[in-house]
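Okay, structure first, notes after.
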Amino acid sequence: MNHINITSFKAYDIRGELGVNLDEDIAYRIGRAFAQILSSQRKNNGVSDEVNNCIVIGADIRDSSETLKHSTIQGIIDAGVDVINLGMTGTEEVYFATSHYEALGGIEVTASHNPINYNGLKLVREGSRPISADSGLADIQKLAENGNFAEQTTIGQVAQKLDKTAYVDHLMGFIDTDKLVPLKVVINSGNGSAGPTIDLLEQRLKQKNAPIEIIKLHHTPDGSFPNGIPNPMILVNRESTKQAVIEHQADMGIAFDGDFDRCFLFDARGEFVEGSYIVGMLAQAFLQKNTGASIVYDPRVIYNTEAIVAESGGKAVISKSGHSFIKQVMRGSGAIYGGEMSAHHYFRDFFYCDSGMIPWLLTIELLSTTGKSLGQLVDERISAYPSSGEINFKLTTVGSDEIFKAIETHYQSQSSEKNTLDGLSLDFDDWRFNIRASNTEPLIRLNIETKGDQALLEDKVSEIKAWLNDQGAVLA
């Protein structure tokens with residue numbers, strides 16, 4: 001095949017604008033390159049004989065996803081590798097199926113929360129291990145671009161396996177349904193891929209006589225996204241979940257992005273709960289059952305998580321943000337749970353992968369066993385360690401490296417500690433901030449937190465916003 005340039009490869013996945021840097025030909029090339037490289041490694045690098053010569057693939061509900069999936073499947077089978085077609089899925093279903101079927105790897109066709117004219121592919125290798133730019137994604141890009149594919153004498157076969165029973169069984173294994181008390185929850189699937197899984201979990205809860213009432217919002221999968229792109233990080237998108245919680249007097253609200261690998265929670269007042277406090281809450285839940293376990297977290301917002309892990313007798317292990325880094329650190333430390341403030345939550349017993357379904361199941365169990373509301377569980381922590389939430393900036397005249405050097409110079413005389421694990425973190429006596437470049441968007445992201453001082457937080461947010469604006473960074 002002729003050489004082409006493919007610009008849709010990112011740090012952790014493949015994502016691009018349809019017809020611009022992602023189309024059916026590119027999807028075919030990626031599928032074939034992915035299959036060829038994994039198959040070759042299976043033959044030459046001592047990959048376990050238990051790994052089957054197949055790749056699992058699923059796709060979200062976007063109108064373009066099925067066509068891109070078909071082209072990707074054609075590339076895989078032309079490389080002589082079999083395919084298990086999972087149908088419409090969330091990303092975590094591909095993670096599960098890759099390990100469940102002992103496959104060479106897995107692909108989810110999704111653009112998650114990106115605009116409707118985008119799509120992409122998320123890839124994992126055997127054992128649901130991540131593939132990123134520095135662990136194989138660059139090799140896949142190179143082969144897909146040059147088109148030097150090995151000749152094949154056999155074509156792979158395609159099997160369709162749509163049954164989600166084993167996956168739902170695995171999810172339900174994270175909670176004890178006998179402990180659940182009557183709760184009413186609003187679940188906003190955003191017209192994404194979450195709806196069918198929510199239906200199956202609801203059926204299972206009813207079979208177990210669990211007194212959980214689910215109010216479904218924007219539930220039907222619809223690739224035209226009639227209620228907007230499923231991205232609860234956008235403030236206006238939170239309003240429908242908030243209002244439904246209030247209207248139905250629900251105990252909590254849950255919202256998903258398009259491929260439901262992220263889970264966002266709202267308390268009984270309809271208030272959005274920042275992801276870093278959910279990390280602390282879930283860390284505490286796991287440490288109550290697993291004394292001394294390791295908990296992995298990212299460096300953007302740390303005070304609350306570190307305090308809870310210390311109070312609960314756990315081991316706090318910091319990692320650079322991003323799923324491939326978190327998963328690697330979790331495997332290395334044997335951590336039972338890892339969390340990012342971006343609402344990605346990772347679980348040792350889910351193949352060290354992230355799941356959007358497990359967090360809300362764990363939360364309804366926690367509300368049941370503690371007898372506390374979600375607000376009660378997090379309000380004290382928010383007061384003890386208030387944080388700004390992530391503030392995004394576009395750079396107009398300078399690069400991120402230049403901004404980081406300038407802000408370090410500006411604040412270094414006041415700082416007691418510096419960390420460059422992920423961007424720049426500067427710690428002071430009673431507050432800190434982290435500023436980093438996004439791995440997925442042309443933005444820099446700022447997080448500020450204090451030790452129990454809301455007024456100081458507001459002062460520092462105003463101060464650093466103004467300083468960044470003077471340097472050529474504007475609010476995104």
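No value in this document is a laboratory result; all are computed from the given coordinates. All values derive from a computational prediction rather than experimental measurement. When we count neighbours, we look across all protein chains shown, and the Cβ atoms used for this are built from the backbone with ideal geometry, even at glycine.
Think of the chain as having a plus end and a minus end, set by charges on the Cβ of Lys, Arg, Asp and Glu; of G292, G90, V398, G292 sits farthest toward the positive end of this dipole.
Legend: residue pairs K208/K327; K320/K460; K69/K208, Cα-Cα distance threshold 29 Å; pairs beyond threshold, K208/K327; K69/K208. Counting only Cβ charges, +1 for Lys and Arg and -1 for Asp and Glu, the dipole size of the chain around its Cα centre is about 500 debye.
Between region 136-173 and region 363-391, the C-alpha centres lie 39 angstrom from each other. Only helical runs count toward this figure. For the chain, summing -39,500 (n - 2.57) over DSSP H runs of n ≥ 4 and dividing by all residues gives -11500 deg cm²/dmol at 222 nm. Gain in length, R204 to K372, computed as 0.36 nm per residue apart minus the alpha-carbon separation, to one decimal in nm? Extra length available between R204 and K372 comes to 58.0 nm. Ranking of W431, W360 by neighbouring Cβ atoms within 10 Å, starting from the fewest: W431, W360. Annotation for L235 and E17: the two label points, set 7 Å from Cα along the Cα-Cβ direction, are 2.7 nm apart. Averaging Cα coordinates gives a centre for region 32-99 and one for region 432-476; these two points are 40 Å apart. Of the residues F350, F404, the one with the fewest other Cβ atoms within 10 Å heads the list, and the complete ranking is F404, F350.
Within the chain, DSSP assigns beta bridges of which about 55% are antiparallel (rounded to the nearest 5).
Once the chain from A159 to D427 is taken as fully extended at 0.36 nm per residue, the excess over their C-alpha distance is 91.1 nm. Less than 5 angstrom separates the built amide H of I61 from those of S193, all sequence-distant by 5 or more or on a different chain.
Here the scattering of region 391-475 is modelled by Debye summation over its C-alpha atoms, one equal scatterer each and no solvent; at q = 0.19 Å⁻¹ the log10 of I(q)/I(0) is -0.83.
Extension gain, D470-A455: 0.36 nm per intervening residue step, less the Cα-Cα distance, totals 3.1 nm.
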